[in-house]
Amino acid sequence: MREIVLDTETTGFEPAEGHRLVEIGAVELINHVPTGRTYHQYINPERSMPAEAFVVHGLGDDFLRDKPRFSEVAQAFLDFIGAEARLVIHNASFDMKFLNAELSWARMPEIPMDRALDTLAIARRRFPGSPATLDALCRRFAIDNSAREKHGALLDSELLAEVYLELTGGRQPDFALAAAPERGGPNPVDPTWRPVPRTAPLARRITEAELEAHRAFVSTLGEGAIWHRFSD
């Protein structure tokens, strides 16, 4: 299962008021395991950055002026998220309305809302009445967010990926059966991987004395004992 943990930064709160995207960050997960593939892009919003947004993001007009416009990077972004991967987003309705507004302005297909999984909604269901911001969830799950001095889309996506795995049952919900390739496990990016039989049986790890003691115990269970099927 492929998922994209995603975050955006914007000049304000409403695209209908002329606010635009200034940054997109995304992290790829396969079977809940980060693959190391990420997407990160600063964007020229083609408008000035409000002072309050500059305080939050630390991105000013001078920095963004030579960055590409959204229409110039839209296809690369769509290629990264693909057509079917679930999009894991904190407060998904906010990011999705900006992404789809930008795609609409670029005359490109919008992203169906049902592709988005909202971690804010999950957190509120699990911890009703408790703070559910990204910072609050990092504190709850003892995730180090000390580098988050200002909002940044890629860093926030990386933190959200950790929060998401905790919200859905722990950082290794599949008990590490889909180990990352660098750990010697199957490659989670390769959907054709299948386990194969061992070429040679594993060596025994019990002694002959332990085997004899087991045989003696099984002999006291009667002829119908299931262990007789497996004794050698």
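Taking the conditions (1) part of a loop (DSSP other than H, G, I, E, B); (2) in contact with a strand residue (DSSP E or B) (Cβ under 9 Å, 6 or more places away or on another chain); (3) closer than 15 Å to E23 by Cα in turn, A76 satisfies each one other than (1).
The single residue among L120, L137 that is in contact with a helix residue (DSSP H, G or I) (Cβ under 6 Å, 6 or more places away or on another chain), in a helix (DSSP H, G or I) and of a type outside the set (V, I, T) turns out to be L137.
Counting the residues of segment 79-116 that are under 26 Å from V33 (Cβ atoms), of a type in the set (A, V, I, L, M, F, W, C) and touching a residue at least 40 places away in the same chain (Cβ under 8 Å) gives 7. A single member of E52, E3, E46 is over 16 Å from A153 (Cβ atoms) and in a loop (DSSP other than H, G, I, E, B), and it is E46.
Does R204 count as exposed (fewer than 10 other Cβ atoms within 10 Å of the Cβ) and either within 15 Å of V88 (Cα to Cα) or modelled with pLDDT under 95 (or both)? Write out each step before concluding.
On the way: exposed (fewer than 10 other Cβ atoms within 10 Å of the Cβ): yes; either within 15 Å of V88 (Cα to Cα) or modelled with pLDDT under 95 (or both): yes.
So R204 fits the description; yes.
Picking from residues in segment 42-52 that are of a type outside the set (S, T, Y) and in contact with an Asp or Glu (Cβ under 7 Å, 6 or more places away or on another chain), the one that is surrounded by the most Cβ atoms within 10 Å (Cβ to Cβ) is I43.
For segment 79-91, residues that are in a helix (DSSP H, G or I) and surrounded by fewer than 16 Cβ atoms within 10 Å (Cβ to Cβ) total 1. All of P68, P15 fail the test of being within 17 Å of F98 (Cβ to Cβ), in contact (Cβ under 8 Å) with a residue 24 or more places away in the chain and crowded, with 16+ Cβ neighbours inside 10 Å, apart from P15.
To keep it simple, each residue is scored yes or no on (1) in a helix (DSSP H, G or I); (2) farther than 18 Å from E158 by Cα; (3) not aromatic (F, W, Y).
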| residue | (1), (2), (3) |
| --- | --- |
| F63 | yes, yes, no |
| K67 | no, yes, yes |
| S93 | yes, yes, yes |
| E102 | yes, yes, yes |
| P109 | no, yes, yes |
| D114 | yes, yes, yes |
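The single condition from (1) within 22 Å of A92 (Cα to Cα); (2) out of contact with any Phe, Trp or Tyr (no Cβ under 7 Å at 6 or more places or on another chain) that I24 fails is (2).
A53 meets all of the listed conditions (1) more than 26 Å from R115 (Cβ to Cβ); (2) free of Cβ contacts under 8 Å to residues at least 24 places away in the same chain but one, namely (2).
The values are calculated or read from the model by the stated rules, or taken from the named source; none is laboratory data. A quick note: this is a predicted structure, and the numbers were derived from the prediction, not measured. For neighbour counting, all protein chains shown are included, and Cβ atoms are generated from backbone atoms with ideal geometry for every residue, glycine included.
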